[in-house]
Amino acid sequence: MSQGSLDGVTVVDLSWGRPGPMATGLLADHGAAVVRIEPPGGDPYRSMVSRAAYDRGKQSLILDLHTEPGRDALHHLLAGADVLVESWQPGIAEDLGFGYDALHERYPRLVYCSISAYGQDGAARDRPGYESLVAARTGVMAVGGPGTAQDVGSATGSGPDPIYPGVPIAGIGAALLAVIGIMAALVVREDTGTGQRVDTSMLDGALSFLNMFWEQLENLPDEAYRPRSSTRRFMMASMRCGDGEYLGVHTGANGSYGRMIEALGLSDRISPAPGNREKTVPLTDEDVEIITTEVPRLFASRPRAYWLEQLRAHDVCAIPVLRPCEVFDQPQARHNGIVVSVDDPEMGPLEQVGVAARMGAAPGAIRGPAPLPGQHTDELLRGLGCDDEAAAR
């Protein structure tokens with residue numbers, strides 16, 4: 001049985017930050033031999049915990065691409081490579097002599113993937129490619145604000161202010177688009193014998209996610225920050241409970257709002273909605289005042305486990321809002337085999353997300369932890385017939 005669907009594919013990773021290493025990490029999980037090229041001293045982003053996950057199973061080769069021996073060594077490596085991934089600012093690859101046109105002429109089978117902040121050309125091509133800046137410029141901060149205890153009287157639980165995104169969807173989106181593009185280019189190469197450029201960006205990554213949200217917006221863009229009517233009998237919010245933990249509550253099902261009111265012990269204070277007309281009968285001003293003040297207070301008076309039991313007993317959708325990594329202890333995550341332990345050379349044993357897309361004939365595997373910077377430099381350069389010291393210094 002093959003270990004991974006990409007066995008035999010060699011990837012040269014010249015990227016930095018999040019999107020590129022994440023993309024090549026996914027390729028490595030499915031069998032690709034990934035060589036991570038790092039500058040002298042190692043990748044400056046190596047202190048990020050995510051490196052332990054994104055770089056696992058790769059080899060690390062330190063090369064100084066500002067020297068002729070370093071560039072020669074990279075050319076030796078590219079001569080046997082299938083894929084190159086770079087995330088330099090547009091123009092830098094060309095300055096170093098590793099732009100797409102030059103490499104395509106020299107290595108016509110090479111699939112060349114570029115990941116930038118906003119694209120290879122255009123007015124924004126030279127802008128800094130930081131996640132928060134891309135999130136602001138693409139509208140990520142304006143969409144999907146979480147419900148809070150202060151917003152329980154609103155229709156959606158969303159407040160009017162932009163929020164700092166907790167999930168880097170621009171970088172993740174760019175990584176996933178890069179993987180899709182690389183795989184498609186490899187398939188095309190089977191027919192044509194020729195590689196091609198795959199070009200994506202964090203801008204593209206963010207917009208590919210946002211498209212599914214923007215098509216649902218009812219308001220014009222200049223009205224997007226306005227909270228909707230607070231008189232609707234509906235709540236979608238994360239409620240802080242008495243033990244400091246949060247509980248996600250959603251009353252979208254018919255009759256669910258009334259059942260929540262009953263579970264909270266407020267049935268005698270909130271005007272009822274007759275029959276099955278709950279969503280069409282607005283709350284009164286007095287109702288809204290009670291909801292806004294009493295619901296947060298009640299949730300804060302008891303621990304999360306109590307309210308979870310109460311709401312589920314009343315057939316109201318409620319789910320614990322877990323802290324990062326707590327999902328690793330959930331039975332379903334363990335059952336799916338998605339949680340793996342990796343013995344990282346710098347951080348020790350780590351639980352990580354394993355190979356998420358599992359294929360029957362070639363399931364993929366984590367072949368080792370993230371390497372130390374330059375761990376494979378001597379071995380790789382000797383194999384390429386290059387001067388170790390001159391190329392890596």
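The values are calculated or read from the model by the stated rules, or taken from the named source; none is laboratory data. These figures come from a predicted structure and were not determined experimentally. With ideal geometry, Cβ positions are generated from the backbone for all residues, glycine too; neighbour counts draw on all protein chains shown. Remember, those area values only see protein heavy atoms, side chains included, never the ligands or the DNA or RNA. Shrake-Rupley method; radii C 1.70, N 1.55, O 1.52, S 1.80 Å.
Globularity index of the chain is 1.22 (Cα radius of gyration / 2.2 N^0.38 Å, N = number of residues). Placing R36, R232, R71 in order of accessible area, with the largest value first and a 1.4 Å probe, yields R232, R71, R36. Computed with every protein chain present, the accessible area of W88 is close to 40 Å² [probe 1.4 Å]. Comparing P108, S47, L65 along the charge dipole axis of the range 41-120, the residue lying farthest to the positive side is S47, per the Cβ-charge model. Angle between the Cα long axis of helix 169-192 and the longest principal axis of the chain, 0 to 90 degrees, nearest 10? That works out to roughly 50 degrees.
Computed over Cα pairs, the Kirkwood radius of the range 280-351 leads via Stokes-Einstein (1.306 mPa s, 10 °C) to a diffusion coefficient of 98 µm² per second. Between the amide H of G354 and those of V339, V340, distances stay under 5 Å, these residues lying 5 or more places away or on another chain, with hydrogens modeled in the peptide plane.
Ligands, DNA and RNA excluded, the heavy atoms of L110 present near 10 Å² of accessible surface to a 1.4 Å solvent probe. Note on the chain: with a GNM built from Cα contacts shorter than 10 Å, the maximum mean-square fluctuation among A123, A362, A237 falls on A123.
The phi-based Karplus calculation (6.51 cos²θ - 1.76 cosθ + 1.60; θ = phi - 60°) puts the 3J(HN,Hα) values of the range 331-341 at x, 5, 4, 5, 4, 6, x, 7, 9, 10, 10 Hz, whole numbers, x for Gly and Pro. When each of the peptides 126-135, 202-211 is scored by the mean number of other C-beta atoms lying within 10 Å of its residues, the order from highest to lowest reads 202-211, 126-135. Summary value for the range 16-136: 22 percent relative contact order, contacts being C-alpha pairs under 8 angstrom separated by 6+ residues. Relative to the longest principal axis of the Cα atoms of the chain, the long axis of helix 285-299 makes an angle of roughly 60 degrees.
Here each label is just a point 7 Å from Cα along the line to Cβ, and for T293 and A365 those points are 6.5 nm apart. Measuring only protein heavy atoms, the 1.4 Å probe finds H76 accessible over about 100 Å².
Sorting the segments 243-255, 320-332, 340-352 by their mean number of nearby beta carbons within 10 angstrom, highest to lowest, gives 243-255, 340-352, 320-332.
Note that the chain presents 50 Å² accessible area per residue, ligands and nucleic acids not counted, probe 1.4 Å. Computed in the context of the full set of protein chains, the accessible area of the chain at 1.4 Å probe radius has 54% of its extent on carbon or sulfur.
Ignoring everything except DSSP H segments at least 4 long, calculate the 222 nm mean residue ellipticity for the chain; use -39,500 (n - 2.57) per segment, divide by total residues, nearest 500.
Working: 14 runs with 135 residues, N = 393.
Calculated mean residue ellipticity at 222 nm is -10000 deg cm²/dmol.
Stretching L133 away from D329 to a fully extended chain increases their span by 67.2 nm, per 0.36 nm per residue minus the current alpha-carbon distance. What shape does the range 230-294 take by its C-alpha gyration tensor, where a ≥ b ≥ c are the square roots of the eigenvalues and a/c under 1.5 counts as rounded, a/b above b/c as prolate, and the rest as oblate? Verdict is prolate for the range 230-294.
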